[in-house]
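The values are calculated or read from the model by the stated rules, or taken from the named source; none is laboratory data. None of the values given here were measured: they were computed from a predicted structure. Here Cβ is always computed from backbone atoms with ideal geometry, including for glycine, and neighbour counts include all displayed protein chains. Accessible surface is based on the protein model in full, side chains and every heavy atom, while ligands, DNA and RNA are left aside. Shrake-Rupley method; radii C 1.70, N 1.55, O 1.52, S 1.80 Å.
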Amino acid sequence: MNIQTNNSKGFTLVELLVVIAIIGILIGMLLPAVQQVREAARRTTCANNMRQSGLAIHNYESAHMQFPSAGQAKRGGSGSNSGQNVFFSDRQKLESFGQASHSVQTYILPFIEQGNVYQFVNLKYRYDIDSSLPQAPTNQQAAKFSIPAYLCPSTQRSSSVDAEGYGFTDYSAPVTVRPGLNGNPNQRRFKCALNGDSRRTIASITDGTSNTVAIAEDAGRYDVDTGGFMVVKPETMDDGTVANRRSWAWADPDNAFNVDKLVNNSATPVGGPAGCTWDIVNCGPNEETFSFHPGGANVNFCDGSVHFLNADIDAVSFTAIMSKNGGEVESIF
């Protein structure tokens, strides 16, 4: 009688647990690498979006003999409104509903293959003109499109439009540099390349197009219900009409920003620390170059090139590349 014995042996419970533990360790080691690869891809996409805008402002310049306006500017004079933000039309007139200014993103729509959106825009009126008015164009309809080229995939949002339906932007044009930002208390307020109240020719960028920023990341701005800085704000125009300001919307000229801080101020934690939450001006993605890329943010220079600014860039170099005619030429790349 032949007796066959089965010598095959399965995993013991201990061995199985060891294998599971090893797999868990490997996943833990690989996950950061995978996340880094994904962020690298998102950052590349973000840079490509900005490159489209850089090319678009040059195509706009070829068609109009000047760069498009960023929209935001400072009111002059000595009246009660002196120093407040106001917006200028492309003919340098103060904004009213009949002489509306627009954002740089609106002006370059035809040059980033968004002519289907631009066809709804009437530049004589604000983007959010009351649609019930008899003369109202379809500006609101245009402004409520979400434009992928204006959004950075590293910015995580629950929606690509705000609570009212207006499309967000993660890219904006700097308009002025705060006095003293470079550390010198005598440093005057510099104008940036797309400043709304100046003629924006290439010749006016005396610091050089390859040394001057045109558009920067200013990501993370979103609308909040009440309080803080990032809320719908009414602004009284010179003709007495009141217009809302939405600094997060691509169609709003108020998405342009005054450079009051350096790069990625109070970037962490998300939302900002308790004493400097992002819904307070200059406490995060307001009035500064800001992104969700680790270590810095993308900027688009006036020659069309895109570069990554390290968050630890010194104030002198940063101020130099933001000003168009400060008399300093800073090459940081």
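So the values come out like this:
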| item | result |
| --- | --- |
| Percent accessible area from carbon and sulfur atoms, the stretch 128-177, protein chains only, probe 1.4 Å | 51 |
| Extension gain (nm, one decimal) between residue 209 and residue 270, 0.36 nm per residue minus Cα-Cα | 18.6 nm |
| Accessible area (Å², 1.4 Å probe, nearest 10) - residue 261 | 70 |
| All-pairs Cα distance distribution in the stretch 284-328, expressed in whole percent, bin size 10 Å | 23, 56, 20, 0 |
| Accessible surface, per residue, of the stretch 129-239 when the full set of protein chains is kept, probe 1.4 Å, Å² | 43 |
| Per DSSP, loop chymotrypsin sites (Phe, Trp or Tyr not before Pro) in the stretch 180-235 with at most 15 further Cβ within 10 Å | none |
